[in-house]
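Step one of this worksheet: look at the structure below.
We did not get these values from a lab; they are worked out from the coordinates using the rules stated. Since we're looking at a predicted model, the values are computed, not measured. In this analysis, Cβ positions are derived from the backbone assuming ideal geometry, glycine residues included, and neighbour counts consider all displayed protein chains.
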Amino acid sequence: MTVLEPVRPSRTTVWGWSLIALVCALLLTSAAWLFAAVGTPALFEADTGVSAAEFQAAYPSVAAELAGRGRTIALLLTALASLALMTAFAGWRTNAVWAHRTLWIFAAALSTIGASAAANGRADVGAFHLGAGLLAAVGLLLARRRLGP
C-alpha cells in the first residue's frame with residue numbers, strides 16, 4: 001500500500017501567506033479604531049478645523065449622518081479584511097489557486113481605496129491603504145512560488 005505524504009509548503013510560501021494575514025490583521029485593527037473614533041470630537045476637529053460641539057449644535061442631523069457613514073465604512077472594511085483573511089487561510093491550508101487569484105482582487109481593492117483617498121486630500125489614509133495593497137501584492141508574489149497550474 002502506497003501512502004502519499006502531503007506536500008509541505010516552502011518557507012517562502014508560508015511567509016507570503018503570513019504577510020497577507022498580517023495585512024488583514026492591520027486592516028481589522030484599523031477598522032476597529034475607525035469605528036470607535038469616528039464620532040469623537042478630537043478626530044472631527046483634526047479633520048475639519050471646526051469645533052465638533054459647534055458643528056453638532058448647528059447641524060445635528062448632518063453630524064449624525066457623517067458619523068453613521070464613517071461607521072459604515074469601518075464595517076465594510078472589516079468585512080473586506082475578514083473575507084480576505086479567511087481566503088488567505090484557505091489558500092495556505094490547501095494551496096488553492098482560486099484563493100491566490102481572489103486575493104489579487106483584494107490587493108487591487110486596497111490600492112484603489114488608497115489612490116482614491118489620496119486623490120481626495122487624505123494622504124494619510126491613502127498612504128496606509130496603498131502600503132497595505134503593496135504588502136498584500138508582495139505576499140501574493142511570495143505565495144505564488146508553490147502553486148500549481
*asked:* If you take every residue apart from Gly114 with its C-beta less than 13 Å away from the C-beta of Gly114, what net charge results, scoring Lys and Arg +1 and Asp and Glu -1?
replied: 0
*Please work out which option in (i) 67, 30, 23; (ii) 62, 37, 29; (iii) 79, 28, 20 gives Cα extents along the principal axes in Å calculated from these coordinates, and answer with its label.*
(iii)
*At what distance in nm do the modelled label points of Ala115 and Thr72 sit from each other, each positioned 7 Å from its Cα along Cα→Cβ?*
2.5 nm
